[in-house]
Amino acid sequence: MSTDTTPAAAGAADGHAGDSGTGHDGGHGSTRAIIAALLANLGIATAKFIAYLVTGASSMLAEAIHSVADSGNQVLLLIGGRTARREATPRHPFGYGRDRFVYSFLVAVVLFSVGGLFAIYEGVHKLQHPEPLESAFWAIGVLLVAIVLEGFSLRTAAKETDAIKPTGISYWRFIRRTRAPELAVVLLEDSAALLGLLFALLGVGLTMLTGEPVFDGIGTILIGLLLVVVAVILAVETKSLLIGEAATPQDQRRIAAALEQDTDISVIHMRTLHLGPEELLVAAKIAVRHDETAAGIAQQIDQAEARIRAAVPIARVIYLEPDLRRGPAPADAGATAAPGG
């Protein structure tokens with residue numbers, strides 16, 4: 001039976017581990033999308049603050065704070081991507097891949113508190129103490145430029161997503177299903193930013209046409225509510241990743257098929273867990289022939305590990321426990337979580 005000298009193997013008991021192979025490459029695309037969004041938001045935030053100082057429009061201030069929050073969020077995502085690459089330690093034997101989930105959850109917190117709640121507060125304040133706009137054309141110009149820049153950022157995120165998104169899967173379904181949170185975060189943030197800019201444009205435009213600053217306040221509140229909704233969606237999705245999600249059903253089927261490609265092996269039960277977006281733990285109890293030798297079982301397990309990594313390259317840590325089947329084989333052992341053996 002082959003050995004694994006990584007810290008993960010040192011803590012393994014009653015199993016067989018491995019830790020090699022390469023994962024689905026979404027990291028570089030995520031980084032490009034994050035950097036594009038960061039540069040766009042820094043420029044947009046500066047322009048919005050200037051427009052707010054000139055016009056006094058609360059929707060411009062809300063949008064400026066939104067862009068600052070988005071910029072901070074992109075920095076958090078970059079930090080998470082960097083810290084997740086740290087080597088495993090005896091205290092953290094499976095590495096730090098989940099740091100990417102943690103920082104994505106922090107993004108949701110920042111977006112909710114700094115972006116959403118501040119915008120709602122500012123909009124309510126504007127309704128209670130309305131003030132006329134000054135030089136509103138400045139605000140209109142800045143918003144139009146911001147729409148172009150946000151559109152560029154969203155286009156970059158969509159392009160990078162298309163490179164890894166299965167054909168026929170919608171962007172919304174990709175956001176719900178992906179185990180790599182960065183692209184989902186950028187897609188949601190950029191989409192919310194574009195919609196928020198339209199709210200701000202509508203509020204400022206109606207205030208210009210009617211002379212009623214109430215529309216500016218309403219636009220600001222709409223921006224805040226939009227950010228709160230996006231933050232809640234992000235929080236729910238990243239919470240699920242933090243708790244621990246299994247491999248996708250497709251990958252589970254591939255792993256089970258790879259195991260049972262050897263006719264002398266069948267899956268009794270199997271568990272999978274994402275240690276990070278591109279790191280998967282596989283633990284399975286497999287039935288072997290009762291008259292097989294220890295050397296033969298070790299060879300079968302080595303071959304099974306190689307087949308799993310060929311079928312699902314992100315399977316970095318694999319524990320296979322040989323056993324004897326004590327009942328009939330389930331119809332779909334690889335996709336179920338029913339204990340056996």
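The values are calculated or read from the model by the stated rules, or taken from the named source; none is laboratory data. What you are looking at is a predicted structure, and each value in this text was computed from that prediction instead of being measured. Methodologically, a virtual Cβ is constructed for each residue, glycine included, from the backbone with ideal geometry; neighbour enumeration extends over all protein chains shown.
Which of the residues that make up the range 205-264 are closer than 30 Å to residue 289 by Cα and among the acidic types (Asp, Glu)? Result: 251, 260, 262, 264.
In the range 227-263, the qualifying residues are those that are in contact with a His (Cβ under 9 Å, 6 or more places away or on another chain), farther than 17 Å from residue 312 by Cα and of a type in the set (A, V, I, L, M), and the one that is surrounded by the fewest Cβ atoms within 10 Å (Cβ to Cβ) is 241.
There is no residue in the range 102-119 that is surrounded by fewer than 18 Cβ atoms within 10 Å (Cβ to Cβ), more than 25 Å from residue 235 (Cβ to Cβ) and in contact (Cβ under 8 Å) with a residue 24 or more places away in the chain.
Out of all the residues in the range 180-203, is one or more over 30 Å from residue 216 (Cβ atoms) and not in a helix (DSSP H, G or I)? Looking for residues that are over 30 Å from residue 216 (Cβ atoms) and not in a helix (DSSP H, G or I), one finds at least one in the range 180-203, hence yes. Between 122, 160, the distinction of being of a type outside the set (Gly, Ala, Ser), crowded, with 19+ Cβ neighbours inside 10 Å and in contact with a His (Cβ under 9 Å, 6 or more places away or on another chain) belongs to 160 only. Residue 157: of a type in the set (A, V, I, L, M), more than 22 Å from residue 63 (Cβ to Cβ), in the same structural domain as residue 66 (by TED's automatic domain parsing) and in a helix (DSSP H, G or I), yes or no? Criteria not met by residue 157. Taken as a whole, the condition of being outside the structural domain of residue 313 (by TED's automatic domain parsing), within 28 Å of residue 106 (Cα to Cα), hydroxyl-bearing (Ser, Thr, Tyr) and in a helix (DSSP H, G or I) does not apply to residue 207. Within the range 53-88, being more than 27 Å from residue 134 (Cα to Cα), out of contact with any Asp or Glu (no Cβ under 7 Å at 6 or more places or on another chain) and either surrounded by 24 or more Cβ atoms within 10 Å (Cβ to Cβ) or of a type outside the set (Gly, Ala, Ser) (or both) holds for 74, 75, 76, 78, 79, 82, 85, 86, 87.
Okay, residues lined up against (1) over 12 Å from the mean Cα position of the chain (by Cα); (2) of a type outside the set (Phe, Trp, Tyr); (3) modelled with pLDDT of 85 or more; (4) under 24 Å from residue 114 (Cα atoms):
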position: 144; (1), (2), (3), (4): yes, yes, yes, yes
position: 147; (1), (2), (3), (4): yes, yes, yes, yes
position: 151; (1), (2), (3), (4): yes, yes, yes, yes
position: 158; (1), (2), (3), (4): yes, yes, yes, no
position: 166; (1), (2), (3), (4): yes, yes, no, no
position: 169; (1), (2), (3), (4): yes, yes, yes, no
position: 185; (1), (2), (3), (4): no, yes, yes, yes
position: 197; (1), (2), (3), (4): yes, yes, yes, yes
position: 205; (1), (2), (3), (4): yes, yes, yes, no
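Looking at residue 137, is it assigned by TED's automatic domain parsing to the domain that holds residue 225, in a helix (DSSP H, G or I) and crowded, with 18+ Cβ neighbours inside 10 Å? In short, no. For the subset of the range 79-94 comprising residues that are of a type in the set (D, E, K, R) and in a loop (DSSP other than H, G, I, E, B), which member is farthest from residue 182 (Cα to Cα)? Only one residue tops the list, namely 91.
Selection within the range 279-315: residues that are among the basic types (Lys, Arg) and touching a residue at least 40 places away in the same chain (Cβ under 8 Å). The member of this set that is farthest from residue 263 (Cα to Cα) is 309.
Assigned to a loop (DSSP other than H, G, I, E, B), within 30 Å of residue 308 (Cβ to Cβ) and of a type outside the set (Lys, Arg) - does that describe any residue in the range 31-46? No; the residues of the range 31-46 include none that is assigned to a loop (DSSP other than H, G, I, E, B), within 30 Å of residue 308 (Cβ to Cβ) and of a type outside the set (Lys, Arg).
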